[in-house]
Amino acid sequence: MLIDNINLLVRAGNGGNGAATFLRNAQKFKGGPDGGNGGNGGSIYIQGSSNLNDLSQFQHQKKITAENGIPGKHKNLYGKNAPDKTIFVPLGTRITDLKNNIVYEITNTSDSILIAKGGKGGRGNNQFKTSTNQSPKFAEQGTAGEKKELFLELRIIAQVGLIGFPNSGKSSLLAILTNATPKIGNYPFTTLEPNIGMFGNYTIADIPGLIEGASRGKGLGIGFLKHIEKTKILIHCVDATSENPKKTYQALRNEFKQFNPLLLNKPEIILITKIDLISEKKLKEMVSILKKTKKAVLTYSLYDPESINVLKEILMSELIILH
Ligand SMILES: Nc1nc2c(ncn2[C@@H]2O[C@H](COP(=O)(O)OP(=O)(O)OP(=O)(O)O)[C@@H](O)[C@H]2O)c(=O)[nH]1
Ligand SMILES: [Mg+2]
C-alpha cells in the first residue's frame, strides 16, 4: 500500500553544558577556571531522494532525534559537536510544520532544508574569566534543540497523469505504455492507490477512478487529485461505451474545479478507450463531439497496436515540447 501521508516528530539534539571546573594538580591545588565549552547538538535536515517512492519508511519510526552535544570537561576540554542527521524523503513531498503552518516542498535532490536546529553548546567557566572575576564558578547551560511536529504528504511528481472514470481502462493503458504491472479488473475501483510506471525517462501515474460527486466524498473521493497537481500533461480516458461521453468528460472536469481549478489549465489529451467495442460510425460521432472541447482527441484500443503506437508517439513528442 502506498503510504502518502504521515505525522512525524523531529527533535534536534540539545547543546552540551559548559563545565565549571578549576585546575587541580600537585603544583596548583587551587588553580584557575578550566571548564571547557559544551558541543552543539545535532541538527536535522530534510533532503529529497529519487530512490524513494513513498513515506512507508516512517510507518514504524514516527520520531526522529539527533544526538545531544557532549558537555565540556575540565582541563579546558571542549565537548564534541553531535553529528547532524539528514532525513531522506521522496521527491514531491510536502512538509508542513504544524505549529506555524510553514510549508516546504521537496522537488529536487540538491536542496537540503534545515528543519530542526541543534542547541548551542554552553560556554565553560574559563570563558567568563575577567580582570575582576578570576574564578567564575558558573558555566553556561547548553540550549535545547528545536522540536517540530511535521505533517508529510506525498504529491507524486509524474510527468503524465492518467485520469478518468472507474473502469475506463487507465491501468490497462499504464501497463501498455510502461513497465508497470497494475491490477486490472472489469469492475469499478480496481485501483485503490496510484500506480507509477516509466515511459522512457518519464513517469506516468495511474490514478484511481473518479466519479461525479467525488469532491463530496463519493467513490474514493478526490484526494488522489493531489497526485496530478504536478503532472505536465493529463490523459483523460473516456470509455467508448459510456452513454454520454461529453457529459462523462465534463463531470470529471467539474470535480477538478472543486479540487483545484488550476488543473483545468493543464495540457490534456482526451483518449477514447476501448474503441474495439463500438462501431466506426459511433466513434466518429464521439470524436466530433469531444473535439468541440478544442482538446486533442485520440482513440485507442488495447487490441489495436496501431492506435497504441500513435498514442506513444504523440505523448512522447508532447513531453519533449513541454520539457
Ligand atoms: N475491450 C476492451 N477492453 C478493455 C480495453 N482497455 C481496458 N479494457 C478492459 O476494461 C476493464 C477495466 O480496465 P482497467 O484498466 O482496470 O480500468 P481502470 O480505468 O484502471 O479502472 P479503475 O482502476 O477501476 O478506475 C478491464 O476488464 C480491461 O480488460 C480495451 O481497449 N478494449
Ligand atoms: Mg485502475
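Points to keep in mind about this one:
- Residue that is nearest to ligand 2 (Cβ to nearest atom), among those in the range 194-223 that are open to solvent by less than 20 Å² (accessible area, probe 1.4 Å) and under 23 Å from S50 (Cβ atoms): D206
- Residue in the range 209-216 that is at positive phi, assigned to a loop (DSSP other than H, G, I, E, B), within 13 Å of ligand 1 (Cβ to nearest atom) and modelled with pLDDT of 90 or more present: no
- Within the range 17-48, the set of residues being touching a Ser or Thr at 6+ places or on another chain (Cβ under 6 Å) and within 16 Å of P90 (Cα to Cα) comprises Y45, Q47, G48.
- Criterion violated by T96 - all others in (1) closer than 19 Å to S43 by Cα; (2) of a type outside the set (A, V, I, L, M, F, W, C); (3) part of a loop (DSSP other than H, G, I, E, B); (4) within 31 Å of the chain's Cα centre (by Cα) satisfied: (3)
- Any hit, the range 275-297, residues being open to solvent by 60 Å² or more (accessible area, probe 1.4 Å), more than 16 Å from ligand 1 (Cβ to nearest atom), over 28 Å from the mean Cα position of the chain (by Cα) and under 28 Å from T181 (Cβ atoms): no
- Residue identified as touching a residue at least 12 places away in the same chain (Cβ under 8 Å), among the hydroxyl-bearing types (S, T, Y) and over 26 Å from L322 (Cβ atoms) among T178, T191, T241: T241
- Some residue of the range 44-51 being buried (at least 20 other Cβ atoms within 10 Å of the Cβ), at pLDDT 95 or above, in contact with a Lys or Arg (Cβ under 7 Å, 6 or more places away or on another chain) and closer than 30 Å to L23 by Cα: no
- Test: F138 is part of a loop (DSSP other than H, G, I, E, B) and aromatic (F, W, Y): yes
- Conditions (1) open to solvent by less than 30 Å² (accessible area, probe 1.4 Å); (2) more than 14 Å from ligand 1 (Cβ to nearest atom); (3) modelled with pLDDT of 90 or more; (4) over 24 Å from L322 (Cα atoms): number failed by Q258: (1)
- Count of the range 160-193 residues, restricted to those that are closer than 21 Å to L315 by Cβ, near ligand 1 (Cβ under 6 Å from one of its atoms) and either open to solvent by 60 Å² or more (accessible area, probe 1.4 Å) or part of a helix (DSSP H, G or I) (or both), is 4.
- Restricting the first member to the range 247-267 and to residues that are part of a loop (DSSP other than H, G, I, E, B), and the second to residues that are open to solvent by 40 Å² or more (accessible area, probe 1.4 Å), the beta-carbon pairs closer than 8 Å and six or more apart or on different chains are N260/E229; K266/K232; P267/K232; P267/E318; P267/L322.
- Count of residues meeting criterion [within 24 Å of S215 (Cβ to Cβ) and part of a helix (DSSP H, G or I)] in the range 268-304: 1
- Residue match in the range 229-244 (condition: buried (at least 20 other Cβ atoms within 10 Å of the Cβ), assigned to a helix (DSSP H, G or I) and assigned by TED's automatic domain parsing to the domain that holds A296): no
- None of N81, N108, N100 is surrounded by fewer than 16 Cβ atoms within 10 Å (Cβ to Cβ), modelled with pLDDT of 95 or more, more than 30 Å from S242 (Cα to Cα) and polar (S, T, N, Q) except N100.
- If you go through the range 125-164 and pick out every residue that is of a type in the set (D, E) and touching a His at 6+ places or on another chain (Cβ under 7 Å), you end up with 0.
- Odd one out for Y187, checked against (1) within 11 Å of ligand 2 (Cβ to nearest atom); (2) in contact with a strand residue (DSSP E or B) (Cβ under 7 Å, 6 or more places away or on another chain): (2)
The values are calculated or read from the model by the stated rules, or taken from the named source; none is laboratory data. All of these numbers come straight from a predicted model, not from anything done at the bench. Neighbour counts are summed over all protein chains in view; Cβ atoms, including those assigned to glycine, are modelled from backbone coordinates with ideal geometry. Quick note on the areas: whole protein, heavy atoms, side chains included, nothing else; ligands and nucleic acids left out. Shrake-Rupley method; radii C 1.70, N 1.55, O 1.52, S 1.80 Å.
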